[in-house]
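Right, one structure below, let's go through it.
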Amino acid sequence: MMLLAAFDFDWHAFFFMFFALLTCGFALAVLFTSNIVRMAFYLILSLGASAGLFFLAGAEFVGAMQLMIYVGGTLVLLIFGVMLTAQSRFVTMKTSSGEWVMALVLGGALLFLLLTAAFRVGDWRTGHPNPANVGLAESKTTTQIGMGFTGVRVDKLDAPEGSTLVSGMSGYLLPFVIVSVHLLVVLVGAAYMARTKRRASSAGVGA
Amino acid sequence: MAEFFQQIWDSFFQTSSESPGAIAYLVAAVIHCVLIIHVVAVGALIFIWMERKISGRIQDRLGPTRVGGAFGWLQTLADGIKLIAKEDITPKDADAMLFKAAPYVGFAASYCAYIALPFSDGWVAQHMNTAVFFILAVLGIEVFSPILAGYASGSKWSLFGAMREAAQVVSYEVPLGMCVVVPCMICGTLNLVTIGNMQAGSFTNWLAFNDPFTFIVACVYFTCATASVNRAPFDLAEAESELVAGFHTEYSGLRWSFFFMAEYGSMFLVSGLAAILFFGGWHGPIPIAEPIAGVLSLVVEPLLNFGRYVVGFVVGDLGQVTEGVVATQIANLMGCLNFLVKGTIGVTVMMWVRWTLPRLRIDQVMTTCLKYCVPIAAFGFLGALVWQVNDLPTSNDMPVIGKNRFEVRESWVYQAEKELRTTSGDQKSSPDDQQPPFDPHQATGSTELVPQGAFVMKGGAR
Amino acid sequence: MIGISPVSVSHYLVVGAVLFVTGAVCMATKRNALGVLMGVELVINGANLNFIAFGSKYLRVESLGLDGQLIALFVIVLAAAEAAVALAIALNFYNNHATIDVDQASELKG
Amino acid sequence: MATQVDDARIIEFDVRTDEMLVNMGPQHPSTHGVLRLVLRTDGEIVSEVEPHLGYLHRCAEKIGENLTPRQWIPYTDRMDYLAGMNMNLGWSLCVEKLIDHQLSEKAKHLRVIIAEMGRIASHLVGMGAYGLDLGTFSPFLYAFREREKILDLFEEACGARLTYSYLTPGGATADLPNGWLQKCEAFLDQFEPIIPEYHALLTTNAIFVKRTAGIGVMSGEMAVDFGCTGPVLRGSGVDYDLRRDGEERYTEMYDGYAFEVISQKDGHYPKDHDYPAVPAEAVLGDCWHRFYVRMLEVVQAIDLVRQAIDRYSTASGDWGVPIKLAHKLPKGEVYLETESPRGQMGFYLVSDGNAIPWRVRARSSCFCNLSVTSDLCRGCLIADVPAIVGSLDVVMGEIDR
């Protein structure tokens, strides 16, 4: 019994620490690396670890989405960009130390502000008294997300009528449609923009 | 599974706590990890041997015959020992850190995806609601391994391989996703265990035979899966006649073999996914597993009870095995074999294709994806959708599929009406009021489908 | 371990803040246009983490609910769109200037 | 931006990319032997291909000026090592022309049998290796399985499997052993039904057609201009085969044999057998046609061997006793070309009246065939380079000598 009690620590906290350290550590690695390909690699690891945090917070669908769209899609695009624009292999661009000092001072100030804000509200600080008691059904959010995107908030059914279920404003159907069209337009536009035109005479550097 | 080990722990040390303790979680997690890594590593061992034998037979020769007996069973093991003993070379021009890390990225991704892959009813490391999505997402990460390897190698051929791989895999994710959506749509869930269980019964219940469109989609899925795991005729990233060896040109020894473990791991993964999504998962073509398991349990259950009785003398009374658990587990074991056989058949087909067809060119690979696979997958998706919406007859006799779809649709209508009434201020009752409110938590239909006897990870680590 | 048990929203906010600030500093210091883009991704991800934290049922009894996850999904999709556009700009810039050093993009300077 | 499109100085292009120089070979799994191709690529598109030769140069011709013609026979084996018999034949005929040696009927038919069997063996390698170039491994082994049987026959006849030195000036080193003809016929009977398998795996395979049809198109004029010969020339629709159009001393071997030169005439290939149809995508002179001509020549060679076996068994005379090792050569110079599997293989010999030639030169067919690489590969994709070079079916031993 004593043995068990000694081992009975909070796995949630343990894995939170694990993923949080990975996320922050690799984010800092992105900042302090000058080699662009390594930066991309660290960014992959950082975003992948933050997907772990999403899973931990019960957002399975968003976590998988993060892995699929962000890590598997956006970052591959980014690495494509790196490969296409690398003039010499393993590009390195140095930043002057003055800029570093400025940026770090401002960043430190911003971080201080945000950290202060993070612990300001008591309700945020206390956490869930017993996360293990949150029902399994509560974590099944995929259907709810899908319904939410089609304009039906199945998670708010038991809310008092009139409080949230205002017609046409409770779901996310319109934003979903807008964002879909937006994505399409952006992709077409980006493809057009990257496929540029240039003066035939200037074979070398820029028009 | 954690609860199960907690039971064992409790029974041995006479402890009891509300939720499973840390040790139980740890033991369960370690066992899961070990089991899965055996599927990947031992699976690669067997598949590489199989590939040699199959390619040998296809090419009118014998394949390995010496190491470990007449069939060369241990050939891969011997190769593995050779690879371990080989010098691990890092080229001078390589980015050493990325070069060394790249093989592990691919292997980790391939291994990670197995977490959500059920091997039988409930036999899954982590019972996820978004299992299909998770597997696709993690498979998508695997592409970084060749990209990083190709870029970090400092070789032009490697870079070519990396670019080809990136372009190909990212493109093929689109039709692959479209194909995977179809079974999810029919079953109304992303949960692989549920999807598998919705195909119980005879092979006519398999989703590939649900309607003509799902069959088309199953074929497109297999094509795209072959492409996304880089197997011939889509193995451009390692095309030996063009790019020397593609992204792994500069690798040797153990690191090189990690690429291959990842490749064979993903091959089985996509084949297994195909088996679950389209070909009945762990259900055999004829529903004989449960009767057989019932008969077998008549023998096994008394033996187990006797064992518990004997052990009970030492650690205190353990009681009897819960009624029906043994039969369920034996049926699951047979289902697991079923699943492994189906996955292996998929892998074998990939090998057969590899040793028969020439390789496509990069532009033809892209054409196949964008001009053929995507439209056909979209057509199949729309067709299956129309089929479902119009309730056209399917070969599937499981009532739950129709019921599930009905529930989701009805809830939509119900909700819309409710909102309309709220807006118009008409609070009076309508005939629909007799309908019970829709319970969103039942919508995925998964809870009632997991057999009650299964103690493996039903809701696990939360 | 003991110090952060149970895990609360604040802890997630700390991770989010670190990501945000790292991203912001990254945007300020990197001269490579794609480095700047990576900074933007970090910033967006930091913000996303906050949405998830506020929406999680495991971190607060009275959570934001599903809206957190829904908005996080929109953010991910918009970040993908943003990355596509930014990459197109970077490529266009590279096409015209044969470099992706953002300090060279000073033609409009007065 | 839209307003500027009409401006002639504005060109449209994709993302700015840099050109890359890559070495395909001499250590590369796709190049045949030690051919080194320097590719200038822009992404996947090849803008320039430059073949570099000489990695297998062994001074064979200079050695020939220090040996008697019969002593030099083993060196001809090592030129086109995939068709050693045909090399032996070319040199033997050349020497016989100088000393004006006449062969018996039997010896001529023996040479036809051996040369055409050599052609089959060589085309089998060409076919199998071409599959390998396109990324399919199994046809290669199927081809080698059959080639092994031919090599067994050759081994029985001369004791060697690769470097035969069998045909020599004067005839052959020995007559065919007893029962050889029956074995050869048995092989042909077994081999002929297998050819549709090759057609199924390669010639008519959809992916194969996609990879080869319309790739590396070479017009007949271009082929003639570059001096291409053999299947490469006939694949471009030029009706030219030395077995019919060559020198009297060579064509008399084939007198009375029924065979038609394999090349597309008026849009059709000779109709003496059932051949798979030409796919719609294929353009005359592309990789597919070059491959197809080789496949048809295998069938043609089977026919010729069958006819030769009939004639050989009834012919009069001996198999042709070799000339003396140090046969004194008359003063003069000769040049003679034969149709080797890869094209016109010519030997040039100048004698100052000694037993040892004063000058020996060889005219390589593959050298001329390879010279079109640079032109055919311009603007193609990287994957097309092995496809085009493979369709030329070069043997570096013959090019570098």
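Values in this text are rule-based calculations from the coordinates and carry no lab data. Given the structure is predicted, the values throughout are model-derived calculations rather than measurements. For neighbour counting, all protein chains shown are included, and Cβ atoms are generated from backbone atoms with ideal geometry for every residue, glycine included.
Overview of results
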| quantity | calculated |
| --- | --- |
| Sequence-separation-based contact order of the stretch A:6-59, relative, with Cα cut under 8 Å and 6+ spacing, percent | 42 |
| Quarter of Cα convex hull surface for the stretch C:1-87, i.e. mean projection, nm² | 6.2 |
| Selection from D:VAL238, D:MET295, D:GLN182 lying farthest towards where the dipole of chain D points positive, charges on Cβ | D:GLN182 |
| Amide H within-cut-off set for D:GLY343, under 5 Å, with H built and near neighbours excluded | none |
| The stretch B:100-200: relative contact order in percent, alpha carbon pairs under 8 Å with at least 6 residues between | 31 |
| Shielding by partners, peptide B:189-202 (average Cβ within 10 angstrom, other chains) | 1 |
| Check: chain C dipole with +1 on Lys, Arg Cβ and -1 on Asp, Glu Cβ, in debye | 180 |
| Alpha carbon convex hull of the stretch D:144-197, volume per residue in cubic angstrom | 85 |
| Cβ-based exposure ranking for D:MET85, B:MET350, B:MET366, in which fewest neighbours within 10 Å come first | B:MET366, B:MET350, D:MET85 |
| Where the Cα pairs of the stretch D:154-284 fall when distances are cut into 10 Å bins, in % | 10, 25, 34, 25, 6 |
| Listed residue (D:GLY126, D:PRO322, D:TYR335) projecting farthest to the positive dipole end of chain D, Cβ model | D:PRO322 |
| Cα convex hull volume per residue for the stretch D:92-152 (Å³) | 79 |
| About the Cα centre, charge dipole magnitude for chain D (Lys/Arg +1, Asp/Glu -1 at Cβ), debye | 1280 |
| Added length on full extension, which subtracts the Cα-Cα distance from 0.36 nm per residue, D:GLU247 to D:GLN102 | 50.7 nm |
| Alpha carbon centroid spacing (whole Å) that separates the stretch D:280-321 from the stretch D:331-401 | 21 |
| Set of the stretch D:105-138 residues, backbone N closer than 16 Å to the point 7 Å along the Cα-Cβ line of D:ALA186 | none |
| Whole-Å distance, taken between Cα centres, linking the stretch B:282-317 and the stretch D:196-216 | 57 |
| Relative contact order (%) - the stretch D:60-400, alpha-carbon pairs under 8 angstrom, separation at least six | 28 |
| Charge dipole (debye, nearest 20) of the stretch B:191-316; +1 at Cβ of Lys and Arg, -1 at Cβ of Asp and Glu | 460 |
| Projected area averaged over orientations for the stretch A:7-101, convex hull of C-alpha atoms, nm² | 8.1 |
| The stretch B:328-390 - Rg (one decimal) and Dmax (whole number), Cα, Å | 18.1, 50 |
| Square roots of 5 times each gyration tensor eigenvalue, C-alpha, the stretch D:60-400, largest first, Å | 32, 23, 17 |
